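In what follows, a single structure is set out as structure tokens and then discussed.
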């Protein structure tokens with residue numbers, strides 16, 4: 001009688017206190033798994049799972065459990081799923097997030113509950129600046145960084161003027177701001193389109209042509225990138241106004257963009273042919289595990305996110321209640337990133353290289369992305385000074 | 001000035017495409033009194049059929065014709081198997097059942113074609129820009145859409161206004177009980193009308209496919225616009241749908257094209273570029289609200305009940 005009473009008491013305690021229940025490492029992963037952009041979420045999940053395979057599905061000697069949640073590309077749904085992961089699943093880590101607007105909506109419950117967070121894509125400027133937080137890390141970039149690199153490349157090419165087109169949401173504004181901050185030529189105009197519902201860009205393309213700009217810069221992730229390239233080619237602009245892109249051509253959109261993407265440059269911190277050992281293993285094993293698919297930068301960042309989490313859990317030998325020790329371990333970026341070595345800034349955003357990528361035809365006739373050159377070395381986002389963290 | 005011409009054509013092209021979608025919807029809603037949320041799924045199926053058949057037959061035109069036939073058959077089949085049993089229920093049941101069909105079609109497509117979507121490449125002769133007047137180039141394919149949609153609109157007008165079938169359709173829109181009482185096979189008429197609506201939606205989908213991508217759920221956003229159009233134009237009225245569709249296409253395109261510049265006159269540049277897309281996407285709904293207040297039956301109601 002007495003023993004069963006104690007047992008019951010212990011069970012109640014164990015259920016109530018997550019530190020007691022901690023014989024598994026619980027990770028919540030929020031991404032988009034439904035709708036037209038579900039292919040991105042799938043690639044992130046595939047890569048995250050592959051990383052877990054590579055580390056033996058254990059961190060600090062404890063088995064890992066991942067709970068995937070679908071944000072449907074909607075900020076309100078993302079916030080709800082984030083709260084669910086924190087409050088009812090009591091996850092040790094929360095990871096994922098493709099969209100900047102979804103992330104910004106979901107950030108408060110994470111920061112308030114002091115949950116450790118690793119962002120695998122979205123990089124709104126606010127997060128690098130005033131909203132930076134001790135337990136929040138990113139394995140991707142700050143939104144402005146990639147288009148900044150594109151702007152640098154356009155300077156190198158001697159482009160005189162540009163017309164900017166992007167979607168009207170947090171990331172779209174950051175992206176266009178990024179190009180504007182480095183591009184030295186004239187900005188002939190800028191247009192924002194309704195996101196994510198607007199898929200016809202005829203009005204914007206007409207304006208771009210009428211502006212007389214020497215080139216066009218766009219940011220259209222996912223299927224919108226396919227549509228933009230289709231319409232750009234059909235408008236006959238390919239010969240008149242060369243296109244420069246950020247996050248518009250990747251391994252998911254390329255099979256649909258086909259010839260339209262040939263010779264259209266973009267910038268990226270990771271390209272599938274980067275020559276480091278970790279990357280070779282990642283790309284080869286991904287293609288083995290998921291036949292017919294190729295990993296994207298979204299996947300590469302998710303793969304790194306899993307490794308970053310593992311490095312933190314190893315450092316505290318599985319005791320995830322030691323958050324400050326985990327934070328200190330993560331700040332060292334002590335793992336073999338598939339992009340090569342990088343450092344964290346004090347705002348927990350990567351300081352990293354950006355490469356010029358181009359679309360080329362492979363020997364078998366299929367199209368692939370290829371690294372052409374390094375555009376900038378050790379680029380740091382321009383918002384880090386606004387971050388109050390030391 | 002040249003920009004205005006180009007944007008005008010953009011608006012016309014978008015409006016005509018919306019008309020094809022709205023025409024089917026307004027026929028089905030007006031004549032059969034049936035709310036068909038799955039109309040967007042037929043639009044999607046048209047695009048998927050086209051993307052498949054064009055690859056199979058290696059001919060753009062032939063593939064599109066086959067896709068059109070396939071959507072027509074699919075519409076007839078759908079009416080015969082599922083929707084026929086719902087006519088006597090109320091609108092809420094229609095909404096529930098056809099919403100279920102949206103989910104069904106989305107997952108069926110996911111099973112058959114996979115989640116990644118398809119591309120429908122254009123033949124080379126349609127990818128060159130076309131010079132419509134000195135200095136104004138317009139994508140040949142968009143021009144082709146304008147021509148095809150105008151021809152279809154004329155044909156539809158002829159069928160509805162000048163043929164016996166059209167007379168029955170108009171009669172059905174005005175008074176369903178009476179036409180049944182006069183000994184017309186209303187069941188067959190309904191199947192025909194539904195098939196026609198499906199084929200029109202399929203045509204809109206397959207024509208839009210090379211511009212956009214063929215993907216799951218592509219019909220859902222555009223369906224909302226189609227509903228707005230039939231509300232503005234008057235339910236059951238082809239003429240109303242035509243004028244409202246052109247109107248909505250123009251407002252949407254010209255709003256997107258010129259509102260940012262107008263707003264920049266009064267607001268700061270960055271505030272204007274942020275506010276303009278939001279505002280221009282509201283214009284259509286604003287128009288619908290005004291029409292509902294001034295003429296609740298729409299601009300061109302099909303007839304009195």
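The values are calculated or read from the model by the stated rules, or taken from the named source; none is laboratory data. Computed from a predicted structure; not experimentally measured. Using ideal geometry, Cβ is built from the backbone for each residue, glycine included, and neighbour counts are taken over all protein chains shown.
In segment B:126-138, which residue that is within 14 Å of another protein chain (Cβ to nearest Cβ) and outside any loop (DSSP other than H, G, I, E, B) is surrounded by the fewest Cβ atoms within 10 Å (Cβ to Cβ)? Outline the logic, then answer.
Keep residues of segment B:126-138 that are within 14 Å of another protein chain (Cβ to nearest Cβ), which gives B:126-132, B:135-138.
If we keep only those that are outside any loop (DSSP other than H, G, I, E, B) too, we end up with B:126, B:129-132, B:136-138.
Values: B:126: 17, B:129: 20, B:130: 15, B:131: 11, B:132: 13, B:136: 17, B:137: 19, B:138: 23.
Step by step, filter segment B:126-138, then rank; the result is B:131.
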Original post:
Exactly one of (1) more than 14 Å from chain B (Cβ to nearest Cβ); (2) closer than 19 Å to residue A:270 by Cβ; (3) in contact (Cβ under 8 Å) with a residue 60 or more places away in the chain is unmet by residue A:143. Its number?
Top reply: (3)
Original post:
Taking segment B:139-157, which residues are surrounded by fewer than 18 Cβ atoms within 10 Å (Cβ to Cβ), more than 14 Å from chain A (Cβ to nearest Cβ) and touching a helix residue (DSSP H, G or I) at 6+ places or on another chain (Cβ under 8 Å)?
Top reply: B:148, B:150, B:157
Original post:
Just for segment A:168-189: of the residues that are surrounded by fewer than 24 Cβ atoms within 10 Å (Cβ to Cβ) and touching a strand residue (DSSP E or B) at 6+ places or on another chain (Cβ under 7 Å), which one is nearest to the other protein chains (Cβ to nearest Cβ)?
Top reply: A:168
Original post:
Which condition number does residue B:34 fail, the rest of (1) more than 14 Å from chain A (Cβ to nearest Cβ); (2) at pLDDT below 95; (3) assigned to a helix (DSSP H, G or I); (4) more than 16 Å from the chain's Cα centre (by Cα) being met?
Top reply: (3)
Original post:
All but one of (1) in contact with a helix residue (DSSP H, G or I) (Cβ under 9 Å, 6 or more places away or on another chain); (2) assigned to a loop (DSSP other than H, G, I, E, B) hold for residue A:56; which doesn't?
Top reply: (1)
Subject >> Failed item, numbered, when residue B:88 is tested on (1) away from chain A (no Cβ under 14 Å); (2) over 16 Å from residue B:199 (Cβ atoms); (3) assigned to a helix (DSSP H, G or I) >> reply: (3)
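Among the candidates A:333, A:329, single out the residue that is farther than 19 Å from residue A:146 by Cα, in contact with a helix residue (DSSP H, G or I) (Cβ under 9 Å, 6 or more places away or on another chain) and part of a loop (DSSP other than H, G, I, E, B).
Working: A:329 fails: part of a loop (DSSP other than H, G, I, E, B).
Exactly one of A:333, A:329 is farther than 19 Å from residue A:146 by Cα, in contact with a helix residue (DSSP H, G or I) (Cβ under 9 Å, 6 or more places away or on another chain) and part of a loop (DSSP other than H, G, I, E, B), namely A:333.
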Original post:
Scanning segment B:258-287 for residues that are within 22 Å of the chain's Cα centre (by Cα) and within 17 Å of residue A:165 (Cβ to Cβ), which turns out farthest from the other protein chains (Cβ to nearest Cβ)?
Top reply: B:280
Subject >> Output for segment A:291-313, where each listed residue is in contact with a helix residue (DSSP H, G or I) (Cβ under 8 Å, 6 or more places away or on another chain) and either part of a loop (DSSP other than H, G, I, E, B) or over 22 Å from residue A:97 (Cβ atoms) (or both) >> reply: A:293, A:294, A:295, A:296
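What do you reckon, is residue B:184 away from chain A (no Cβ under 14 Å) and either without any contact (Cβ under 8 Å) to a residue 24 or more places away in the chain or surrounded by 21 or more Cβ atoms within 10 Å (Cβ to Cβ) (or both)? Let's see the steps before the verdict.
Working: away from chain A (no Cβ under 14 Å): yes; either without any contact (Cβ under 8 Å) to a residue 24 or more places away in the chain or surrounded by 21 or more Cβ atoms within 10 Å (Cβ to Cβ) (or both): yes.
Yes: the conditions hold for residue B:184.
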Original post:
Looking at residue B:42, is it modelled with pLDDT of 95 or more and within 12 Å of the chain's Cα centre (by Cα)?
Top reply: yes
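Which one of B:162, B:176 is more than 12 Å from chain A (Cβ to nearest Cβ), more than 19 Å from the chain's Cα centre (by Cα) and under 30 Å from residue B:11 (Cβ atoms)? Please lay out each step first, then the result.
Working: B:176 fails: under 30 Å from residue B:11 (Cβ atoms).
Answer to the check: B:162.
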Original post:
Is segment B:99-114 home to any residue that is under 16 Å from residue B:49 (Cα atoms) and part of a loop (DSSP other than H, G, I, E, B)?
Top reply: yes
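Among B:168, B:122, which is within 14 Å of chain A (Cβ to nearest Cβ) and crowded, with 19+ Cβ neighbours inside 10 Å? Break it down into steps so the answer makes sense when it comes.
Working: B:168 fails: within 14 Å of chain A (Cβ to nearest Cβ).
Checking each option against the conditions leaves just B:122.
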Original post:
Is there a residue being within 26 Å of the chain's Cα centre (by Cα) and away from every other protein chain (no Cβ under 13 Å) anywhere in segment A:190-206?
Top reply: no
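Here's the yes/no breakdown for (1) more than 9 Å from every other protein chain (Cβ to nearest Cβ); (2) over 16 Å from residue A:151 (Cβ atoms); (3) at pLDDT 90 or above; (4) touching a helix residue (DSSP H, G or I) at 6+ places or on another chain (Cβ under 9 Å):
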| position | (1), (2), (3), (4) |
| --- | --- |
| A:213 | yes, no, yes, no |
| A:223 | no, yes, no, yes |
| A:226 | no, yes, yes, yes |
| A:232 | yes, yes, yes, yes |
| A:239 | yes, yes, no, no |
Original post:
Has segment B:14-24 got at least one residue that is assigned to a helix (DSSP H, G or I), surrounded by 24 or more Cβ atoms within 10 Å (Cβ to Cβ) and at the interface with chain A (Cβ under 10 Å from one of its Cβ atoms)?
Top reply: yes
Original post:
Can you name the residue in segment B:208-221 that is surrounded by fewer than 24 Cβ atoms within 10 Å (Cβ to Cβ) and assigned to a helix (DSSP H, G or I) and is also modelled with the highest pLDDT among such residues?
Top reply: B:220
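Tell me which residues, restricted to segment B:288-305, are outside any helix (DSSP H, G or I) and either within 14 Å of chain A (Cβ to nearest Cβ) or surrounded by fewer than 12 Cβ atoms within 10 Å (Cβ to Cβ) (or both). Before the answer, list the steps.
Our first condition is that a residue be outside any helix (DSSP H, G or I); within segment B:288-305, this holds for B:295-305.
B:296, B:304, B:305 - these are the residues of segment B:288-305 that are outside any helix (DSSP H, G or I) and either within 14 Å of chain A (Cβ to nearest Cβ) or surrounded by fewer than 12 Cβ atoms within 10 Å (Cβ to Cβ) (or both).
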**OP:** Return the total of residues in segment B:37-72 being more than 23 Å from residue B:84 (Cβ to Cβ) and in a loop (DSSP other than H, G, I, E, B).
**Re:** 2
Subject >> Residue tally, condition surrounded by 12 or more Cβ atoms within 10 Å (Cβ to Cβ) and either outside any strand (DSSP E or B) or touching a helix residue (DSSP H, G or I) at 6+ places or on another chain (Cβ under 9 Å) (or both), over segment A:367-380 >> reply: 7
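Of the residues A:282, A:219, A:183, A:247, which is in contact with a helix residue (DSSP H, G or I) (Cβ under 7 Å, 6 or more places away or on another chain) and free of Cβ contacts under 8 Å to residues at least 40 places away in the same chain? Don't jump to the end; show me each part of the working.
Numbers: A:282 fails: free of Cβ contacts under 8 Å to residues at least 40 places away in the same chain; A:219 fails: free of Cβ contacts under 8 Å to residues at least 40 places away in the same chain; A:247 fails: free of Cβ contacts under 8 Å to residues at least 40 places away in the same chain.
Only one candidate passes the filter, namely A:183.
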